Amino acid sequence: MATIFQRTPVLTDKPFHYCPGCGHGIVHRMVAEVIEELGIHEKTAGVAPVGCAVFAYNYFNIDMYEAAHGRAPAVATGFKRVHPDKYIFTYQGDGDLASIGTAEIVHAAHRGEKITTIFINNAIYGMTGGQMAPTSLVGQKTTTSPLGRDKDHCGEPIRIAEMLSTINGSAFVARTALNSTANLVKTKAAIKKAFETQIAGKGFSLVEVLSPCPTNWGKSPAESMDWLTDNMIPYYPLGILKEV
Amino acid sequence: MVERNIFAGFGGQGVLLMGQLLAAAGMMEGKHTTWVPSYGPEMRGGTANCSVMLSDEPIDSPLVTRPTSLIVMNRPSLEKFESKVVPGGSIFVNSSLIDVKVSRDDVNAYYVPCNEIAAELGNDKVSNMIMLGAYLGKAKCVDVETVLEALLEKLGAKKAKLIPLNREALLRGAACIE
Amino acid sequence: MALKLMKGCEAIAEAAIQAGCRYFFGYPITPQNDIPEYMSLRLPQVGGCFLQAESELAAINMVYGAGGAGARVMTSSSSPGISLKQEGISTCCAAEIPCVIVNMMRGGPGLGNIQASQGDYFQAVKGGGHGDYRLVVYAPSSIQETVDLMPKAFDVADEYRTPVMILADGLIGQMMEPVDLKLNPDPVMPPKPWAATGWDPKGDRERAVINSLYIETEDLDVLIDRLHERYAVIEQKEKMVETYNTEGAEYILCAYGTVARVCKAAVRILEEQGVKVGLVRPITLWPFPSEAVHDAIAQDGVKAALTVEMSDGQLVEDVRLAVNGCKPVEFMGKAGSQIPTAEDIAERILNMRRA
């Protein structure tokens, strides 16, 4: 009997702990498949963040680090400088990357650090229970913006991909979304491109993935996809922002 | 033999280098030595200073609170450290820039017109070496040639042509003491 | 023996390279900038990598990444910068990452000043970061001793898979002394099969997970128990102390680092006046050489001990614990980077004698 589909060996057989309708599982699989397809399984390590993906080290079947909150790009830098012939990615959420870890991500990009970052933007803090993220939309209700995000009080959401694409050291920056089959295909293609950028030694690469969080958005998985489409994508336009 | 010296002056007068050369020469001649840059409240007031110890025995404290010799290149340094010198100790005064005399009568005072001699030698930058020469002329704790050896190491072979000028400076300084 | 007159910071950096350190991540702060400056020139010459991080936080996390990747790695900073590194130090302890951290202490708290100080004793030996961990802390008192301790620091870090701190005051970093660097072109590096290097599923080692998170209570207990046992071995095997002139002494001074040298000068001053005083100098601050400190002070004939510090009474607590009340232990110290003089120390002992 011919095998027409099998789970990638770059994932362990540990079941994901993610909530129904969460995007993390989808992106984990895409990253793992890309690593397999590029033939770099034995040469790749990853860095898990603090956030919902904190246990990513249990899922990726490769050497993994768990980093303190926001520090994944610094940890990846340490690895990459020791093993310049190996590959490393960080997997970070919006609290980790766009709030507490802004210095680390900006400077990793600025150095042209040859690492790949997968940035999951779901506009909310998941693991700590639905607090406002730097990427939460204006008016979005969270447990720390119960009346909706007020831009006069705490500013407007930060556009990470745009910001990092202005930095010379960034070689590939893209934003994708998980809201449709077509966009899933584009997301995986972007992740692949990001790893290829690292393999080619061109510089820093990042894919920002707009991803649903039904649990903390207080919506069903289907409603969440609609909310992402109607609210996030207009503020966070999709596409390749930089490619060298 | 124990020499506890404080070298002091304005930043840029080469006082740290004077101390380093003495320490390095001491080391080359098999002595124990320490060099400590300005520390503590002594840092204030825009002066640079360093403490250099030379000893036949291992050195316990590298801090010089009561110098046996004080080498001062400017007036604030003299005013700051004069009282610290041990009775019977020596004070070397750059008389080109310091227009007062040492007020104590229980120390040996030597007046060395460092900047004037440097001008005669055609290079203002060697005023510190003239002063170091004066100190060595009195203390005789290391050989002038060892100091030049230390200087050559510091300068590197490319600047070896500066050695004769510095030898001259050290000797002119030493001559002020005799 | 080839002696070279070197500044403490430069000697430390070169000694680290001789000990096999090939990676340095740091952020500028006075008074230790000569270390990163030296490393930035030297490490590329030996095939290593120096990187100036964007912050102390980033630097220690780069150390975590590089140490976790199996490298001999070091960072250095001074007090306020070391405070910033505490997150990463705690992480490295939990994740069992060997590394060496140099703290050239300056005055604190807060930004304090840039002069030599010993105000970080508590931070270094009692925690600093959060959680149940220990740091091996070496406190050299001369540049030669610092140089001699560097290979030891890296070896101990590797052997016990733990961060090690060199705790020196800024004076040791800034002063110059003749040093014998004991050049070692081929330092022995232990294998690190636990490191993240890229994993072959068909290979013979397990997949590396460099981690400090143990969300299940039972799992965290396993880590804590393992660390606890390791710390017990370190306490048994790694204590270092110097005793000087302690036999038959009437008073015992206790000090570390630069101040211990000043104490030796005070011992000589007192000797000239017919007062026999000894010095006990912990070289490891953790593990603290409690037995040696106790034995020196508990001797018959010793009237009291005096700790001398460039801080406001930190070491004195460990000395009092060590002697457990058997003799009085007094404290003399100046915070804010004032270094006690030998004359002051001698005077204090004479006063204690008169009292």
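The values are calculated or read from the model by the stated rules, or taken from the named source; none is laboratory data. Everything numeric in this text was worked out from a predicted model, so none of it was measured. Positions of Cβ are generated from backbone atoms using ideal geometry, with glycine treated the same way; all protein chains shown enter the neighbour counts.
Here's the yes/no breakdown for (1) part of a strand (DSSP E or B); (2) within 14 Å of chain A (Cβ to nearest Cβ); (3) among the acidic types (Asp, Glu):
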{"position": "C:Phe24", "(1), (2), (3)": "yes, yes, no"}
{"position": "C:Glu54", "(1), (2), (3)": "no, yes, yes"}
{"position": "C:Leu57", "(1), (2), (3)": "no, yes, no"}
{"position": "C:Glu87", "(1), (2), (3)": "no, yes, yes"}
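Can you find a residue in segment C:332-343 that is away from every other protein chain (no Cβ under 14 Å), surrounded by fewer than 17 Cβ atoms within 10 Å (Cβ to Cβ) and either modelled with pLDDT of 95 or more or more than 17 Å from C:Ala116 (Cβ to Cβ) (or both)? Within segment C:332-343, not a single residue is away from every other protein chain (no Cβ under 14 Å), surrounded by fewer than 17 Cβ atoms within 10 Å (Cβ to Cβ) and either modelled with pLDDT of 95 or more or more than 17 Å from C:Ala116 (Cβ to Cβ) (or both).
Out of everything in segment C:146-185 that is outside any strand (DSSP E or B) and within 14 Å of chain B (Cβ to nearest Cβ), what residue ends up being farthest from C:Ser77 (Cα to Cα)?
Checking each candidate, the answer is C:Leu181.
Only residues that are within 26 Å of A:Gly101 (Cβ to Cβ) and within 13 Å of chain C (Cβ to nearest Cβ) were counted in segment A:1-31, giving 5. Select from segment B:63-106 the residues that are within 14 Å of B:Phe7 (Cα to Cα) and within 14 Å of chain C (Cβ to nearest Cβ) and list them in ascending order. Hits for segment B:63-106 are B:Leu63, B:Val64, B:Thr65, B:Arg66, B:Pro67, B:Lys84.
Counting just the residues of segment C:26-52 that are among the polar types (S, T, N, Q) and in a loop (DSSP other than H, G, I, E, B), which one comes out surrounded by the most Cβ atoms within 10 Å (Cβ to Cβ)?
C:Gln32
Among the numbered conditions (1) within 13 Å of chain B (Cβ to nearest Cβ); (2) under 30 Å from C:Pro163 (Cβ atoms), the only one that C:Leu315 does not meet is (1). Considering only residues in segment B:91-130 that are closer than 19 Å to B:Leu171 by Cβ and hydroxyl-bearing (Ser, Thr, Tyr), the one that is nearest to the chain's Cα centre (by Cα) turns out to be B:Ser127. Evaluated against (1) buried (at least 17 other Cβ atoms within 10 Å of the Cβ); (2) away from chain C (no Cβ under 14 Å); (3) in a helix (DSSP H, G or I), B:Ala8 falls short on exactly one condition, (3). No other residue among C:Met176, C:Met150, C:Met165 is modelled with pLDDT of 95 or more and either of a type in the set (Ser, Thr, Tyr) or over 14 Å from the mean Cα position of the chain (by Cα) (or both) apart from C:Met176.
Criterion first (closer than 19 Å to A:Pro49 by Cα and touching a residue at least 24 places away in the same chain (Cβ under 8 Å)) does C:Gly88 satisfy it? Here the answer is yes, as C:Gly88 does meet what is asked.
Across segment A:60-103, the qualifying residues are those that are β-branched (Val, Ile, Thr) and within 17 Å of C:Asn211 (Cβ to Cβ), and the one among them that is surrounded by the fewest Cβ atoms within 10 Å (Cβ to Cβ) is A:Ile62. Anything in segment B:30-56 that is within 11 Å of another protein chain (Cβ to nearest Cβ), part of a loop (DSSP other than H, G, I, E, B) and modelled with pLDDT of 95 or more? List them, or say none. Matches in segment B:30-56: B:Gly30, B:Lys31.
A single member of C:Thr91, C:Thr146, C:Thr162 is in contact with a helix residue (DSSP H, G or I) (Cβ under 7 Å, 6 or more places away or on another chain), β-branched (Val, Ile, Thr) and either in the same structural domain as C:Val259 (by TED's automatic domain parsing) or surrounded by fewer than 24 Cβ atoms within 10 Å (Cβ to Cβ) (or both), and it is C:Thr162. Suppose the filter is in contact with a strand residue (DSSP E or B) (Cβ under 9 Å, 6 or more places away or on another chain), within 14 Å of chain A (Cβ to nearest Cβ) and either among the hydrophobic types (A, V, I, L, M, F, W, C) or surrounded by 20 or more Cβ atoms within 10 Å (Cβ to Cβ) (or both); does C:Met104 pass it? Criteria not met by C:Met104. The residues in segment A:66-114 that are within 10 Å of another protein chain (Cβ to nearest Cβ), of a type in the set (D, E, K, R) and outside any loop (DSSP other than H, G, I, E, B) can be counted, and the count is 4. Here segment A:37-54 is the region considered, the condition is being of a type outside the set (A, V, I, L, M) and more than 8 Å from chain C (Cβ to nearest Cβ), and the residue that is farthest from C:Glu96 (Cα to Cα) is A:Glu37.
Of the residues making up segment A:1-59, those that are crowded, with 21+ Cβ neighbours inside 10 Å, not aliphatic (A, V, I, L, M) and not in a helix (DSSP H, G or I) number 6. Listed by position, the strands (runs of 3 or more DSSP E) inside segment A:131-244 whose residues that are in contact with a helix residue (DSSP H, G or I) (Cβ under 8 Å, 6 or more places away or on another chain), crowded, with 22+ Cβ neighbours inside 10 Å and hydrophobic (A, V, I, L, M, F, W, C) number at least 3 are A:170-177, A:204-210. Every condition in (1) in contact with a strand residue (DSSP E or B) (Cβ under 7 Å, 6 or more places away or on another chain); (2) closer than 26 Å to C:Ala208 by Cβ; (3) crowded, with 24+ Cβ neighbours inside 10 Å is met by C:Ala69 except one, and the failing one is (1). Mind listing just one residue for me: the one in segment C:59-85 that is among the polar types (S, T, N, Q) and assigned to a helix (DSSP H, G or I) and, of those, nearest to the other protein chains (Cβ to nearest Cβ)? Among residues in segment C:59-85 that are among the polar types (S, T, N, Q) and assigned to a helix (DSSP H, G or I), the one nearest to the other protein chains (Cβ to nearest Cβ) is C:Asn61. Specify the residue that is farthest from the other protein chains (Cβ to nearest Cβ); the eligible residues are those in segment C:28-52 that are touching a helix residue (DSSP H, G or I) at 6+ places or on another chain (Cβ under 7 Å) and either closer than 18 Å to A:Gly70 by Cα or of a type in the set (S, T, N, Q) (or both). Looking at the filtered set, the residue picked out is C:Gln32.
Of the set (1) surrounded by fewer than 18 Cβ atoms within 10 Å (Cβ to Cβ); (2) within 13 Å of the chain's Cα centre (by Cα), all apply to C:Tyr138 but (1). C:Tyr256 fulfils the conditions (1) aromatic (Phe, Trp, Tyr); (2) under 18 Å from the mean Cα position of the chain (by Cα); (3) within 12 Å of chain B (Cβ to nearest Cβ) except for a single criterion, (3).
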